[in-house]
1. Being surrounded by fewer than 16 Cβ atoms within 10 Å (Cβ to Cβ) and closer than 24 Å to Thr207 by Cα is the requirement here; does Ala258 meet it?
2. Glu343 - would you say it is at pLDDT below 65 and either over 28 Å from Phe308 (Cα atoms) or out of contact with any Leu (no Cβ under 6 Å at 6 or more places or on another chain) (or both)?
3. Can you name the residue in region 237-249 that is in contact with a helix residue (DSSP H, G or I) (Cβ under 9 Å, 6 or more places away or on another chain) and over 17 Å from Trp366 (Cα atoms) and, of all such residues, is surrounded by the fewest Cβ atoms within 10 Å (Cβ to Cβ)?
4. Go through region 300-357 and give me each residue that's under 24 Å from Asp197 (Cα atoms), polar (S, T, N, Q) and not in a helix (DSSP H, G or I).
5. Which residue pairs have Cβ atoms under 6 Å apart, sit 6 or more places apart or on different chains, and have a first residue in region 287-299 that is without any contact (Cβ under 8 Å) to a residue 12 or more places away in the chain and a second that is open to solvent by 10 Å² or more (accessible area, probe 1.4 Å)?
6. Could you tell me whether any residue of region 208-226 is buried (at least 18 other Cβ atoms within 10 Å of the Cβ), of a type in the set (Phe, Trp, Tyr) and at pLDDT below 95?
7. Restricting the search to region 167-190, which residues are touching a Gly at 6+ places or on another chain (Cβ under 7 Å), in contact (Cβ under 8 Å) with a residue 60 or more places away in the chain and more than 18 Å from Asp102 (Cβ to Cβ)?
8. Restricting attention to region 286-303, report how many residues are open to solvent by 60 Å² or more (accessible area, probe 1.4 Å) and closer than 12 Å to Val376 by Cβ.
Amino acid sequence: MSTVRRPDHRSAHRPARAAHGNGLRHVLTHLITPLLMCIGMGLAYLGAFAHPAPHHLPVAVVGSGRSAQLLAQSINDKAGGDLEVRTVGDRAAAVDRLKHQDIFGAYVIPAEGAQGAKGTKGASDAVDASGAEGPSGGSTTSRGSVGRDRGGGAARSGKPVPELLVATAGSDTSATVVQKVFTPIAAQQGAPLKVTDVAPTAEEDPTGQGVFFLLVAISIGSYASVAVIGGAGAVLPLRLRTALAIGTPFVVGLIGTAFAGPVFHLVDHGLGGLWGVAWLYSAGVLLIGTGLHTFLKRWTTLGVMILFVMLNFTSSGGIYRPEMQNGFFAALHALWNGAGFVEGVRSHVYFDGHGLAGHVWTLVGWLIAGLAVIGVAALAEKRRRTAEAETAARAAAVAAAAVAATVPEPVRSGRSAGGAETGAGHGSAHATAALEGELEEELEEAVGV
């Protein structure tokens, strides 16, 4: 009896399983990028913002007498490096240093208590209440309180009260820490602390952190444009991609300026200068990202996120100034472009341009670095095009030789046509096989397989 063989279903499913396996490997390979982003964002943000604490935060005690020097020395001794307390001769000098952001708080000793020793009694408690806990807790800076007495009945009775000068536009969190230091000292003098804000922020931005979130918006618009220019624009020559990388920041800057001004009123003046700073920042990001795409390809998104998100936002000083962060991010603040943008906008809008030139030069340096990366990418792409042209030329030459070898020569004599045709057929077959092998070797050598 003959047996009927059933079809092997397993062999029928093998191609499907192979396709699923290849697809799964493809997806898992591409999942590496978002997982690395997750790790990087966690390390950067938690490393920069998880445990804020002052590190050599500069403050001042206003006064020229011995009591001012004793109070400053006492706070320095107890702070253990958290604070850097100095003395300033008078109130006007303290205001000037605050507006230059040389200090972030100045304690003015009341005239009546300047001769006594009460001012030094609370120094230890003040440092203990502020240094270890960071910016959370304590009293809140009263915005726009210039010249206003917060001392209640003591001030109305004419009794001198201690005054704390702060500049919340420089950093609201730093101003809060400074208040935590000096509020207990004022309490030891038997009077509440009057807080004067010499550089308040705009009414619609009470914490002063709106500039940081503006940085976030402009950065996303910039590095997302890198993906479009590098991906969809890959068929364009580099000079056109560079023109797009320079032109797009004009629009990104206008969008950021609209958000800061008429939309959310984060800034109430100086919008033209803000647009200029935004263009400089965005152009640097786009030029660097466009140049890197030549080398990184699909890893470009991860590369620009490391540069302009993980290391950039965390070191910008928009949430905590470098004096409130660890040494790594504090060091980045001095040279990274996000810090140049945030501090440049603050200097332009709130501090009469003090220090603006240095921040602008930081952004110009990143712009120059972007042009340099574009130059290197241009050389790499030119070399790549030359290599591809040489490969194509060799392949064309080998193919032409193969075609020529397969065409039989004209038969001279009718008598030898039959025999010659058979011989030519065998000969041309051998020649074709040899030339195909030579062509394969040429192509492998050209592309480096």
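1. Yes: the conditions hold for Ala258.
2. Answer is no for this residue.
3. Arg239
4. Ser316, Gln325
5. Once the first residue is without any contact (Cβ under 8 Å) to a residue 12 or more places away in the chain and sits in region 287-299, its partners that are open to solvent by 10 Å² or more (accessible area, probe 1.4 Å) give Leu296/Gly303.
6. Yes, some residue in region 208-226 is buried (at least 18 other Cβ atoms within 10 Å of the Cβ), of a type in the set (Phe, Trp, Tyr) and at pLDDT below 95.
7. Answer for region 167-190, where residues must be touching a Gly at 6+ places or on another chain (Cβ under 7 Å), in contact (Cβ under 8 Å) with a residue 60 or more places away in the chain and more than 18 Å from Asp102 (Cβ to Cβ): Gln179, Pro184, Ile185, Ala187, Gln188, Gln189.
8. Within region 286-303, residues that are open to solvent by 60 Å² or more (accessible area, probe 1.4 Å) and closer than 12 Å to Val376 by Cβ number 1.
The values are calculated or read from the model by the stated rules, or taken from the named source; none is laboratory data. Computed from a predicted model, the values in this text were never measured in an experiment. Virtual Cβ from ideal backbone geometry, glycine too; neighbours counted across all protein chains shown. Quick note on the areas: whole protein, heavy atoms, side chains included, nothing else; ligands and nucleic acids left out. Shrake-Rupley method; radii C 1.70, N 1.55, O 1.52, S 1.80 Å.
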